[in-house]
1. Can you pull out every residue in segment B:31-51 that is within 14 Å of chain A (Cβ to nearest Cβ) and of a type in the set (Gly, Ala, Ser)?
2. For segment B:92-114, state whether one or more residues are of a type outside the set (Gly, Ala, Ser), in a helix (DSSP H, G or I), away from chain A (no Cβ under 14 Å) and surrounded by 15 or more Cβ atoms within 10 Å (Cβ to Cβ).
3. Determine which member of the set B:LEU213, B:LEU231 is touching a residue at least 40 places away in the same chain (Cβ under 8 Å), within 14 Å of chain A (Cβ to nearest Cβ) and within 23 Å of B:ASP41 (Cβ to Cβ).
4. Can you name every residue in segment A:303-318 that is more than 7 Å from chain B (Cβ to nearest Cβ) and surrounded by fewer than 17 Cβ atoms within 10 Å (Cβ to Cβ)?
5. Can you tell me which of B:ALA80, B:ALA127 is within 22 Å of A:SER246 (Cβ to Cβ) and either more than 9 Å from chain A (Cβ to nearest Cβ) or at pLDDT below 90 (or both)?
6. Out of A:GLY69, A:GLY100, A:GLY117, which single residue is surrounded by 16 or more Cβ atoms within 10 Å (Cβ to Cβ) and within 14 Å of A:VAL224 (Cβ to Cβ)?
7. Run A:SER59 past the list (1) under 26 Å from A:LEU274 (Cα atoms); (2) assigned to a helix (DSSP H, G or I); (3) not basic (Lys, Arg) and report the number of the one that doesn't hold.
8. Only one of A:GLY227, A:GLY204, A:GLY223, A:GLY187 is at pLDDT 90 or above, more than 14 Å from chain B (Cβ to nearest Cβ) and outside any helix (DSSP H, G or I). Can you tell me which?
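The values are calculated or read from the model by the stated rules, or taken from the named source; none is laboratory data. As the structure is a computational prediction, the values presented were derived from the model and not from experiment. Positions of Cβ are backbone-derived with ideal geometry, glycine not excepted, and every protein chain shown enters the neighbour counts.
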Amino acid sequence: MPAWLRGLVPVLIAIAVLAVLQLLLGHLPFFVYLASIVGVNVILAVSLNIVNGMTGQFSIGHAGFMAVGAYTAGKLSFLLKDVAIAGLPAVVSDQVQFLGTLLAGGAAAAICGFIVGLPSLRLRGDYLAIVTLGFGEIIRVIVQNMEVFGRALGLSGIPQTSSLFAVWFCVFLVVLVARRIVGSTHGRSLWAIREDEVAAEAMGVNTTGYKVRAFVISSFFAGVAGGLFAHFVPIINPGSFTFVKSIEVVVMVVLGGLGSTTGAIVAAVILTLLPEALRTLFLQLGGLGAGVSLAQKVDQIRMPVYGILLVVLMLVRPQGLFGTREVWDLLPRWIPRARKGLT
Amino acid sequence: MSDFAQHLINGVAAGTIYALVALGYTMVYGVLKLINFAHGDVMMVGTFLGYGVAQKLGYEHQSSLWGVLAIFLAAMAACAVMGFLMERFAYRPLRDKPRLTALITAIGISFTLSYGFQLDFGPLPGAAPRAFPEIIAPREWLIIGDRAVVIWNWQVISLAIAIGLMLILQALVYRTRFGRAMRAVSFDHRTAALMGIPVDRIIALTFMLGSALAAGAGILYAIKDTAIQPLMGLYVGLKAFVAAVIGGIGNVPGAVVGGLLLGLVEEFVVGYSSSSWRDAVAFGFLIVVLLVRPGGLFGRVAAEKV
């Protein structure tokens with residue numbers, strides 16, 4: 001098999017599997033919604049892991065980039081709602097536009113990531129964390145003050161062109177990119193920066209360059225996640241992209257293990273589904289009256305639980321569930337595994 | 001012109017609160033090199049404790065001097081204990097771990113407190129904002145012109161307390177044995193331990209002092225703003241951190257100057273444009289300061305040792 005074809009095999013398999021899933025499950029609205037929320041959170045966690053895990057820079061402003069993507073893509077789709085590309089059936093035209101707006105959202109977020117990254121990545125550790133938080137908040141405040149973006153009310157009436165296939169294909173892409181980065185020269189440089197920035201620089205790694213690139217890739221995917229989000233929720237407003245959302249993603253990455261892509265995926269899935277499952281459970285169990293109030297409690301109690309989770313994790317298992325390992329590193333020895341990347 | 005003067009006064013009043021919270025931030029950062037993200041939430045807890053005491057005393061609009069003192073002291077003592085527990089059980093075990101571990105813990109504590117206080121079972125207050133009793137009856141202290149500029153008594157009291165505390169802390173850090181020990185721990189805690197300084201005790205005491213200051217600042221904040229709610233600590237805390245960085249983190253007078261400066265800048269931007277920009281201003285200011293002068297106005301930039 002020629003090399004270029006071998007690289008495409010996983011993509012083709014993913015497309016086939018996702019197409020089948022889309023045909024089988026695409027008509028169940030609640031399932032698709034839940035799967036889309038999970039998917040968006042997985043994209044956010046995996047992309048944040050490129051910066052926080054692999055490069056060891058602590059960013060807590062991911063929601064800001066998500067907001068840029070969501071608003072750019074959402075507004076574009078809204079403007080293009082009544083436009084159809086000539087010569088294409090309506091469905092195809094819609095999907096092409098959707099793809100275009102996603103890319104635009106990602107690109108806008110990547111540009112913001114570059115603008116944020118270039119100066120602030122000169123800072124280290126906790127200062128960088130606070131500055132990324134500050135940028136995230138500034139982005140939100142700017143959006144909130146712009147008439148085109150509907151101010152505090154947000155945008156509604158964005159065409160709901162997202163699908164199970166679209167979300168999870170993006171999930172597949174971000175995982176593929178993250179894994180390919182780990183195995184490459186890029187990944188080794190990022191890892192060197194994570195372990196010891198001064199030493200990495202001494203070994204000739206262009207630390208600022210690599211950090212900015214990691215930041216740009218990460219914010220691109222955050223933007224794509226935002227774009228997807230805008231196309232399956234009825235309304236987007238600045239309240240969806242606060243500091244709290246950023247911390248939620250940080251919790252996922254830290255729980256999964258800073259530096260573990262599969263860890264980020266597992267943590268994102270657990271932390272998204274668990275509250276949903278508890279809520280549904282309480283609604284089923286407790287009849288209507290008590291059930292509803294218990295289900296509301298789940299929402300309330302989510303954030304303090306995240307907080308306690310962070311503290312306990314840091315005290316008991318600071319490396320998270322998987323540390324820097326991937327899920328398949330934990331399988332029994334006799335199972336053949338993928339070529340080893342970095343450990 | 002009177003507009004300008006009134007903004008100036010309001011800015012100083014807002015800045016005073018930031019300055020008080022920033023004092024605690026800067027002291028903890030000074031000895032531990034830790035951004036205690038939960039500092040603002042300690043302030044929130046202190047405010048709620050003060051609220052609870054005021055309720056017990058039956059204060060609504062009136063109060064006595066002893067009552068006010070009791071409110072302050074109770075809240076400050078309780079927060080000092082809380083600061084001690086936080087340091088002992090959350091930060092001390094992580095002291096020799098990478099600094100990010102402690103930062104993540106601090107974020108965790110902050111979330112636990114601010115969102116935990118939003119729950120409404122047991123003694124927890126719930127998310128609804130409530131009115132803090134007027135324990136210092138608001139009176140015009142000075143009126144200029146035809147009520148064009150008004151200075152309130154609590155503005156003067158807050159500013160006096162902030163400056164007084166700054167002087168006391170400055171003396172504490174530079175004139176006492178405790179302060180000398182603090183500076184030694186800040187410089188190099190391992191060597192300080194070898195010189196016979198009880199490092200753990202110094203750090204715990206610094207935490208308690210910082211937390212008590214936060215509680216006091218919280219009550220002053222509540223007197224100014226009257227509405228208190230569990231999430232108030234998040235933003236005030238972040239802005240106080242910004243103030244501490246502007247002044248040069250670890251520097252006591254710097255924290256006060258930074259706080260006043262931040263309060264003024266925010267007030268003028270809000271006064272002459274729109275209040276929705278308020279949060280962006282503080283962070284924008286922070287970013288500019290960090291990029292142009294990373295050590296803050298009065299701080300020194302330490303070269304990294306390998």
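1. Of everything in segment B:31-51, those that are within 14 Å of chain A (Cβ to nearest Cβ) and of a type in the set (Gly, Ala, Ser) turn out to be B:ALA38, B:GLY40.
2. no
3. Step by step, each of B:LEU213, B:LEU231 is checked, and only B:LEU231 is touching a residue at least 40 places away in the same chain (Cβ under 8 Å), within 14 Å of chain A (Cβ to nearest Cβ) and within 23 Å of B:ASP41 (Cβ to Cβ).
4. A:VAL312, A:VAL316, A:ARG317
5. On the way: B:ALA80 fails: within 22 Å of A:SER246 (Cβ to Cβ).
Of the residues listed, the single one that is within 22 Å of A:SER246 (Cβ to Cβ) and either more than 9 Å from chain A (Cβ to nearest Cβ) or at pLDDT below 90 (or both) is B:ALA127.
6. Working: A:GLY100 fails: surrounded by 16 or more Cβ atoms within 10 Å (Cβ to Cβ); A:GLY117 fails: within 14 Å of A:VAL224 (Cβ to Cβ).
On inspection, the qualifying residue turns out to be A:GLY69.
7. With (1) under 26 Å from A:LEU274 (Cα atoms); (2) assigned to a helix (DSSP H, G or I); (3) not basic (Lys, Arg) applied to A:SER59, the lone miss is (2).
8. Numbers: A:GLY227 fails: outside any helix (DSSP H, G or I); A:GLY223 fails: outside any helix (DSSP H, G or I); A:GLY187 fails: outside any helix (DSSP H, G or I).
From the options A:GLY227, A:GLY204, A:GLY223, A:GLY187, the qualifying one is A:GLY204.
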